[in-house]
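Read the structure below first, then the notes.
The values are calculated or read from the model by the stated rules, or taken from the named source; none is laboratory data. Note that this is a predicted model, so its numbers are computed, not measured. Counting neighbours? That spans all protein chains shown, and the Cβs are built from the backbone with ideal geometry, glycine included. These area figures cover heavy atoms from the full protein model, side chains too; ligands, DNA and RNA do not enter into them. Shrake-Rupley method; radii C 1.70, N 1.55, O 1.52, S 1.80 Å.
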Amino acid sequence: MITVREATLEDVGRLAPLFDAYRQFYERPGDLELSRRFLSQRIERAESVIYLAEEDGVALGFVQLYPLFSSTSLRPGRLWLLNDLFVTPAARGKGVGRQLMDRARELAEDTEACGLELATARTNVGAQALYESLGYRRDDDFFRYELAL
């Protein structure tokens, strides 16, 4: 049975290879030690919430969320940035991504958030289909910009 639970520092060893594979999916160079340090810092500093999906002790996927606030809504609740979602290729098609997304929504509801926000690659049609099936709406009103430093 697949379970989804909040990751702790003790999970970083199993979580880091997933995170590293996620980064490589987005064409970043693999670096397992850097991935391990990054995740440890996020958990230690309570800067993100990470949920780990597993079955029989095998890590299948994760979702990582960062807390933000919405200036335009002026609501007191947080806006959660669903920044990272990854499911191992072997576990895809088994509902793992949906379970992780459902848990992210539960976090937003439990914290009385004003919403969840995410971005994905234009070519990641599998993820897009999942998001749309869960009620997410693609933003056609705003352009997204980045400044690399």
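Can you find a residue in region 97-109 that is open to solvent by 90 Å² or more (accessible area, probe 1.4 Å) and outside any helix (DSSP H, G or I)?
Narrowing region 97-109 to residues open to solvent by 90 Å² or more (accessible area, probe 1.4 Å): 98, 105, 109.
Pick out the ones that are also outside any helix (DSSP H, G or I) and you get none.
No: zero hits.
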(Q) Can you report the number of residues in region 1-18 which are in contact with a Ser or Thr (Cβ under 7 Å, 6 or more places away or on another chain) and open to solvent by 30 Å² or more (accessible area, probe 1.4 Å)? (A) 1
Q. For the subset of region 79-96 comprising residues that are open to solvent by less than 30 Å² (accessible area, probe 1.4 Å) and assigned to a helix (DSSP H, G or I), which member is farthest from residue 127 (Cα to Cα)?
A. 91
Q) Cβ-Cβ below 7 Å, separation at least six or inter-chain, first residue in region 132-149 and within 27 Å of residue 97 (Cα to Cα) and assigned to a loop (DSSP other than H, G, I, E, B), second open to solvent by less than 100 Å² (accessible area, probe 1.4 Å) and of a type in the set (A, V, I, L, M, F, W, C): which pairs? A) 134/101; 144/119
Q. Among the residues of region 6-39, which ones are within 16 Å of residue 58 (Cβ to Cβ) and of a type in the set (Lys, Arg)?
A. 14
Q: Return the residue satisfying two criteria in turn: it lies in region 51-78 and is under 13 Å from the mean Cα position of the chain (by Cα) and surrounded by fewer than 20 Cβ atoms within 10 Å (Cβ to Cβ), and of such residues it is farthest from residue 127 (Cα to Cα).
A: 67
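Filter region 49-75 for residues that are part of a loop (DSSP other than H, G, I, E, B), in contact (Cβ under 8 Å) with a residue 12 or more places away in the chain and not charged (D, E, K, R) and give the result. Walk me through it before giving the result.
Initially, region 49-75 is screened for residues part of a loop (DSSP other than H, G, I, E, B), giving 56-57, 70-75.
Now restrict to residues that are in contact (Cβ under 8 Å) with a residue 12 or more places away in the chain: 70, 73, 75.
Listed by number, the residues that qualify are 70, 73.
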**Q.** Hey, residue 121 within 17 Å of residue 21 (Cα to Cα), surrounded by fewer than 13 Cβ atoms within 10 Å (Cβ to Cβ) and hydrophobic (A, V, I, L, M, F, W, C) or not
**A.** yes
Q) Looking at region 19-42, which of the residues that are among the hydrophobic types (A, V, I, L, M, F, W, C) and out of contact with any Ser or Thr (no Cβ under 7 Å at 6 or more places or on another chain) is nearest to residue 88 (Cα to Cα)? A) 21
Q: Show the residue pairs that are 6+ apart or on different chains and have beta-carbon atoms under 8 Å apart, the first residue being within region 1-17 and in contact (Cβ under 8 Å) with a residue 60 or more places away in the chain, the second being polar (S, T, N, Q) and open to solvent by 60 Å² or more (accessible area, probe 1.4 Å).
A: 2/99; 4/99
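Could you tell me whether residue 107 is under 16 Å from the mean Cα position of the chain (by Cα) and under 17 Å from residue 22 (Cα atoms)?
Working: under 16 Å from the mean Cα position of the chain (by Cα): yes; under 17 Å from residue 22 (Cα atoms): no.
So residue 107 does not fit the description; no.
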Q. Does any residue of region 41-48 turn out to be at pLDDT 95 or above, surrounded by 18 or more Cβ atoms within 10 Å (Cβ to Cβ) and in a loop (DSSP other than H, G, I, E, B)?
A. yes
